[in-house]
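Since the structure comes first, as structure tokens, the remarks are kept for the end.
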Amino acid sequence: MRELIDAVVGALREVCGGEVYPGFDAVPLPKKSGRRFTVVETERLALDAPFPDGVGAVHPFTAELRISVLVPMTAPVQRAEELLYGGILPVLETMGAMVCEVQPALGDARLQRTVLRAAVRFRGVYTMEDAQ
């Protein structure tokens, strides 16, 4: 799962100007961008029954990630929408993600940010090689 999140964060850094963080990072909010930044988090993970592939075991999976674009409450919400629809979602679609849901923007008083969230789903297989 961490490899998937790292791949998504890496792919989005180009389109987001480097301001992309995994949800489990240790960077405090005040050290993140004052303009806008993006957070990638695991929403759901489902592993199907493994099957052998001759080298080890293959685990089919479905992972739903939540992508959150955060902008200052004083900024127009269009900045978050432009980044999400014009940059982030097209990049994720090239990676094989399927867009599940985009929620309306909401204000987070605790963070002093407007947050625009999208859920995307990835399907694939995870290969566990036998220890030699």
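General remarks:
- Among residues of the stretch 91-113 that are more than 15 Å from ARG79 (Cα to Cα), those with a beta-carbon under 6 Å from a residue that is among the hydrophobic types (A, V, I, L, M, F, W, C) and assigned to a loop (DSSP other than H, G, I, E, B) at least six positions away or on a different chain give the pairs GLN112/MET73.
- Residue check for ARG110: of a type in the set (Lys, Arg) and either within 20 Å of VAL20 (Cβ to Cβ) or surrounded by 14 or more Cβ atoms within 10 Å (Cβ to Cβ) (or both): no
- Test: residue in the stretch 74-83 that is farther than 19 Å from LEU4 by Cβ and in a strand (DSSP E or B): no
- Enumeration of residues in the stretch 23-63 that are outside any loop (DSSP other than H, G, I, E, B) and either buried (at least 18 other Cβ atoms within 10 Å of the Cβ) or among the β-branched types (Val, Ile, Thr) (or both): PHE37, THR38, VAL39, VAL40, THR42, VAL58, THR62, ALA63
- Lone qualifier among GLU64, GLU93, GLU41, GLU82 - being closer than 17 Å to LEU12 by Cα and in contact with a Leu (Cβ under 7 Å, 6 or more places away or on another chain): GLU41
- Every listed requirement among (1) under 16 Å from the mean Cα position of the chain (by Cα); (2) modelled with pLDDT under 95 is met by VAL77 save one, (1).
The values are calculated or read from the model by the stated rules, or taken from the named source; none is laboratory data. Here the structure is a predicted model, which means the values were calculated and not measured. Methodologically, a virtual Cβ is constructed for each residue, glycine included, from the backbone with ideal geometry; neighbour enumeration extends over all protein chains shown.
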